[in-house]
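Asks: Below: one structure in structure tokens.
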Amino acid sequence: MKIHIKKGDIVKVIAGDSKGSQGKVLEVDVQKYRAMVEGVNLVSKHTKANAKNPNGGIVKKEAPIHISNLMVVDAQGNATRIGRRLNEDGKLVRYSKKSGEEIK
């Protein structure tokens, strides 16, 4: 299965508890087909007190989300499918199937 999402992309969640929210991809796990998205799929993690967090307590942090639940957002702000094609320089680039524009 090809992965259509890269680190740094702006994506929209199309399924799950965080449906409709958008965020930037922080990292992609290619083996598990999961991505960490900023501000999406937040979970509560109980932490002990340590030097970094002297009080401890409950911390909200992002959990990985399956890439099938994510769609890339193009320059106009629309969630779109991704295609690949050769540009003028002979390089393979990603483009938006909805608008036809190249995705940077």
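The values are calculated or read from the model by the stated rules, or taken from the named source; none is laboratory data. Nothing here was measured: the structure is a model prediction, and the numbers come from that model. In this analysis, Cβ positions are derived from the backbone assuming ideal geometry, glycine residues included, and neighbour counts consider all displayed protein chains. Just the protein is used for accessible areas: all its heavy atoms, side chains included, with ligands, DNA and RNA removed. Shrake-Rupley method; radii C 1.70, N 1.55, O 1.52, S 1.80 Å.
Asks: Extension gain K60-I14, at 0.36 nm per residue separation less the Cα-Cα distance, in nm?
Replies: Working: separation 46, 0.36 × 46 = 16.56 nm, distance 2.17 nm.
Additional length available on full extension: 14.4 nm.
Asks: Here's a follow-up. Using the eigenvalues of the Cα gyration tensor, what equivalent ellipsoid semi-axes result for the chain when each is taken as the square root of five times the eigenvalue, whole Å, largest first? Walk me through the numbers before you get to the answer.
Replies: Numbers: eigenvalues 215, 39, 27 Å².
Whole-Å semi-axes of the equivalent ellipsoid: 33, 14, 12.
Asks: Mind listing the phi-derived Karplus ³J(HN,Hα) values for the range 90-102, rounded to whole Hz, using 6.51, -1.76 and 1.60 with θ = phi - 60°, and x for any glycine or proline?
Replies: x, 9, 7, 10, 8, 9, 7, 6, 7, 9, x, 7, 6
Asks: Just order 91-98, 4-11 by mean Cβ neighbour count inside 10 Å, highest at the front, would you? Working shown, then result.
Replies: Working: 91-98: 13.4, 4-11: 16.9.
With the highest mean Cβ count within 10 Å placed first, the list reads 4-11, 91-98.
Asks: Go through the range 42-50 residue by residue and turn each phi into a ³J(HN,Hα) via Karplus (6.51, -1.76, 1.60, θ = phi - 60°); whole Hz please, and just put x for glycine and proline.
Replies: Calculated HN-Hα couplings, in order: 6, 10, 8, 10, 7, 10, 7, 5, 8 Hz.
Asks: OK, next. Taking all protein chains in place and a 1.4 Å probe, what share, in percent, of the accessible surface of the chain do carbon and sulfur account for? Mind showing how you got there, number by number?
Replies: Numbers: 3520 of 7240 Å².
The value for the chain is 49 percent carbon and sulfur by accessible area.
Asks: Which of the GluC sites (Glu not before Pro) found in the range 1-70 are loop residues per DSSP with 15 or fewer other Cβ atoms within 10 Å of their Cβ?
Replies: Values: sites: E27, E38, E62; in loops: E38.
Qualifying residues, ordered by number: E38.
Asks: Quick one: accessible area per residue over the range 30-104, 1.4 Å probe, rounded to a whole number of Å²?
Replies: Values: 5320 Å² over 75 residues.
Each residue of the range 30-104 exposes 71 Å² on average to a 1.4 Å probe.
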